[in-house]
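Let me begin by presenting the structure, written as structure tokens, before commenting on it.
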Protein chains: 2
Amino acid sequence: MLNAYDVSGEIDYDKVIREFGAKKIDARLAARIDHPLVPELFFAHRDLDTLLSGKFAIVSGRGPSKRMHIAHLLVYRFVKHLQDRFGSFVFLPLSDDEKLLANSELSQEDVKKEDYENLLDIIAIGFDPDNTEVMIDMMDIKQEVYNLSIRLARRMTANTVRSAFGFSGETNIGIQFYPAMQAAHILYPSLKLGLPVLVPIGLDQDVFVKLTRDVAEKEGLKKPGDILSKFLPGLTGDKMSSSKPETAIYTTDLPNIVKKKIGNAFTGGRVSVDEQRKLGGEPDKCVVYSYLRTFFQIDQREKCLSGEILCGECKAQLTGKLNSMLAEHQKKRESAKLQVSKFTKAFD
Amino acid sequence: MLNAYDVSGEIDYDKVIREFGAKKIDARLAARIDHPLVPELFFAHRDLDTLLSGKFAIVSGRGPSKRMHIAHLLVYRFVKHLQDRFGSFVFLPLSDDEKLLANSELSQEDVKKEDYENLLDIIAIGFDPDNTEVMIDMMDIKQEVYNLSIRLARRMTANTVRSAFGFSGETNIGIQFYPAMQAAHILYPSLKLGLPVLVPIGLDQDVFVKLTRDVAEKEGLKKPGDILSKFLPGLTGDKMSSSKPETAIYTTDLPNIVKKKIGNAFTGGRVSVDEQRKLGGEPDKCVVYSYLRTFFQIDQREKCLSGEILCGECKAQLTGKLNSMLAEHQKKRESAKLQVSKFTKAFD
């Protein structure tokens, strides 16, 4: 099942984008983006070609969670690459309201803490403060964004969001309203600067962009496009989740924790070193292989298949690389505490 | 039919409040309120007795319309009476967002103009600026109110608002969300000051208060009460409406317009002066009779029934009284332009 509130099972990416009506990123487009994750991770799009032919802004929202994990970093680093390469204005809304609406266990204090922790990770990425705006819905909602959500809500019926998101009559009215707020996030740069917007987003969230595309022009705003990413596997081979520590490496994990998590990571089905020397490893099932490739562009497929390199070696290599990366990020995350007010007045 | 978005037909008030589970205002309660419209116009309540036993705040919202009419003035004058008598904090939210959501013909600029015009009428009533707050949803929404709407929305399902308001799947998601925003308006003084809230409100709007009562305590806030009013007939004998000039006298109408409108007002079924002299008038059908009584506490029932007084005389009397009242209001409305910033920074 694949929708904005439920991703489960194996995903046939080609089939999904055919159904969604999105397009694959071809070599020409990939060359213009010029980033190692395109088209490997960011593989499909809507209107990316049109957007790249002029000036565009980027919106990259986040539902704050207890801790961000390294796949989140990857996305924000990609956004920064786009900002650097195309000089784009970046809008980063934190939708703590959606978090609260979707989880009846959370309190407003909980999400406020998460806002702050996530903001540090985002600032640590190095966005240009003069060309970036953060908005935290439950801390510094902008009047223009609220107003825009009202205008857009007027154009979305209950039936539309029900069929798009699988809501029922027992869904709360806040979650049913939220697509209008997310659409307002997406269209804020279009309202403010008259620019079309590119949304780098997980495939499961494409439906928000699609709904926004359906209403934008009716409100005199530019139709947004998106660039869609596949899902990175969790450490256990299943979905990576902010709330399941065994599936993800968090941005604040210390070296011994990273070592332990990678030590336990799913690498495939070989039962012994001898068997692996003989049959070779299984890179297509192996999370360590996937992470080395995605995070560090290290591809040891042949050595793995031939049995030349064993899981222990790959794990040690990944652990070392991740710990260097995280040490640097954690240092920047610490300095980010002094830069918060450059991005938002919410914590002043 | 009687619900928040549709009032039509004759109303059996006793039956309605029985069904709603509200209570009639008795002589003892009426004496504590001490206002000529209680219990004649404001006739029923929820928890008014409990509220009067301690300190309470008042919330009196308004969906701004092109022009306010004299029945709106009546309600705000009643609110001011309560503020003067009980020293209550008064919160006056203008729900231009709801207006926009409910009417696809309106633009944001339209409702902004209406906000201002309505605000002048409200300020002209003479509320104590030190004990009164105005909030205009689409101009100066308070972060606390937005956040509260999210917390309350989490406790209201689509099914609940559908059955309360008669919404369908084709209703837009903004109108379906709006009960949460209205509940946040109602509970804002409870959040801010810890006080229970009294809402003076038309019978058709009681459902908003009822929904709010169902969720307030779950969010640690005081359960609000209300004081319910009957409907005043329009000049034509039908419902008074801001958008039908022939049904209502607007606060900005000039003397000759008032004279003309009262001249055309519905007074009953007598076809000639002779018939009326013989049979007497029909005060229970007569709008002029009703207005003289409600606005000016002039009751000429006996003289009318006996045929001693004729429609022309009542009309002249009402015209004179209304024009004096409006002249004074219009003067205050003009001075209100200089006081706007005491109540809201929205127009600074």
May I ask you to report, in nm to one decimal and beginning with the shortest, the distances from A:Lys278 to the same position in the other copies, taking label points 7 Å along Cα-to-Cβ? 12.1
Carbon/sulfur fraction of accessible area - the stretch B:251-348, other protein chains in place, 1.4 Å, %: 53 percent
If you add up the charges near B:His45, with Lys and Arg at +1 and Asp and Glu at -1, over every other residue whose beta carbon is less than 11 angstrom from its beta carbon, what do you get? -2
Can you tell me the FRET efficiency between B:Lys342 and B:His35 if r is taken as the Cβ-Cβ distance and R0 is 25 Å, rounded to the nearest 0.05? 0.45
Quick one: compute a quarter of the convex hull surface over the Cα atoms of the protein assembly as shown and quote it in nm². 34.7 nm²
Scalar couplings 3J(HN,Hα) for the stretch B:154-168 by Karplus 6.51 cos²θ - 1.76 cosθ + 1.60 (θ = phi - 60°), nearest whole Hz, x for Gly and Pro, are 4, 9, 10, 8, 4, 4, 4, 6, 4, 6, 5, 10, x, 5, 10
Remind me, relative contact order of chain A in percent, using alpha carbon pairs under 8 angstrom and six or more residues apart? 20 percent
If each residue of separation counts as 0.36 nm, what is the full-extension length gain between B:Gln108 and B:Leu52 once their alpha-carbon separation is subtracted? 16.2 nm
Show me the three semi-axes of the equivalent ellipsoid for the stretch B:13-231, from the C-alpha gyration tensor (sqrt of 5 times each eigenvalue), largest first, rounded to whole Å. 25, 21, 18
HN-Hα J couplings of the stretch B:169-183 from phi, Karplus 6.51/-1.76/1.60, θ = phi - 60°, integer Hz, Gly and Pro as x? x, 8, 5, 6, 6, x, 5, 5, 7, 3, x, 6, 5, 5, 4
Residues of B:143-149, mean number of Cβ from any other protein chain within 10 Å of their own Cβ, rounded to a whole number? 4
Computed over the stretch A:225-348, the relative contact order (Cα-Cα under 8 Å, seq sep at least six) in percent reads 22 percent
Residues whose built amide H sits under 5 Å from the amide H of B:Ile136, excluding neighbours closer than 5 in sequence, are B:Leu94
Where the label is 7 Å out from Cα toward Cβ, how close does A:Ser306 come to the same position in every other copy, in nm, shortest first? 12.0
Under a point spin-label approximation (7 Å from Cα along Cα-to-Cβ), what is the A:Lys15-A:Ser335 distance to one decimal in nm? 4.8 nm
How much of A:Ser324 can a 1.4 Å solvent probe reach, expressed as accessible area in Å² and rounded to 10? 80 Å²
With r defined as the distance between the Cβ atoms of B:Thr252 and B:Phe296 and R0 fixed at 25 Å, what FRET efficiency is calculated, to the nearest 0.05? 0.80
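Calculate the FRET efficiency for B:Glu313 and B:Glu170 from the Cβ-Cβ distance with a Förster distance of 45 Å, rounded to the nearest 0.05.
Rounded to the nearest 0.05, the efficiency is 0.30.
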Partner chain Cβ atoms within 10 Å, averaged over the residues of A:154-166 - can you pull that number for me? 4
At 7 Å along Cα-to-Cβ for each site, give me the label-to-label distance between B:Lys192 and B:Asp238 in nm. 3.9 nm
Under the Karplus curve 6.51 cos²θ - 1.76 cosθ + 1.60, θ = phi - 60°, whole-Hz ³J(HN,Hα) for the stretch A:337-342, x wherever Gly or Pro sits: 4, 8, 10, 3, 6, 6
What does the convex hull of the Cα atoms of the stretch B:98-207 come to per residue, in Å³, rounded to a whole number? 129 Å³
Where B meets A: accessible area buried, both sides, 1.4 Å probe, Å²: 3100 Å²
Two-decimal ratio, the stretch A:219-348, of alpha-carbon radius of gyration to 2.2 N^0.38 Å: 1.35
Among the residues of chain B, which one places its Cβ closest to the rotation axis that maps chain B onto chain A, and what is that distance in whole Å? B:Phe177, 2
Before I look further, what does chain A give for accessible area per residue, probe 1.4 Å, in whole square angstrom? 42 Å²
Cross-link table B:Lys55/B:Lys192; A:Lys222/B:Lys66; A:Lys99/A:Lys331; A:Lys192/A:Lys332; B:Lys15/B:Lys55, entries beyond 21 Å C-alpha to C-alpha: A:Lys222/B:Lys66; A:Lys99/A:Lys331; A:Lys192/A:Lys332; B:Lys15/B:Lys55
Can you give the % of DSSP beta bridges in the protein assembly as shown that are antiparallel, to the nearest 5? 40 percent
Which order do B:Leu232, B:Leu73, A:Leu338 take when ranked by solvent-accessible area (1.4 Å probe, heavy atoms of all protein chains), largest first? A:Leu338, B:Leu232, B:Leu73
One decimal, nm, shortest first: give the distances between the label point of B:Glu170 and those of the same position in the other copies, each label point 7 Å from Cα along Cα→Cβ. 2.9
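The values are calculated or read from the model by the stated rules, or taken from the named source; none is laboratory data. As the structure is a computational prediction, the values presented were derived from the model and not from experiment. Counting neighbours? That spans all protein chains shown, and the Cβs are built from the backbone with ideal geometry, glycine included. What goes into the accessible areas is simple: the full protein's heavy atoms, side chains included, and nothing from ligands, DNA or RNA. Shrake-Rupley method; radii C 1.70, N 1.55, O 1.52, S 1.80 Å.
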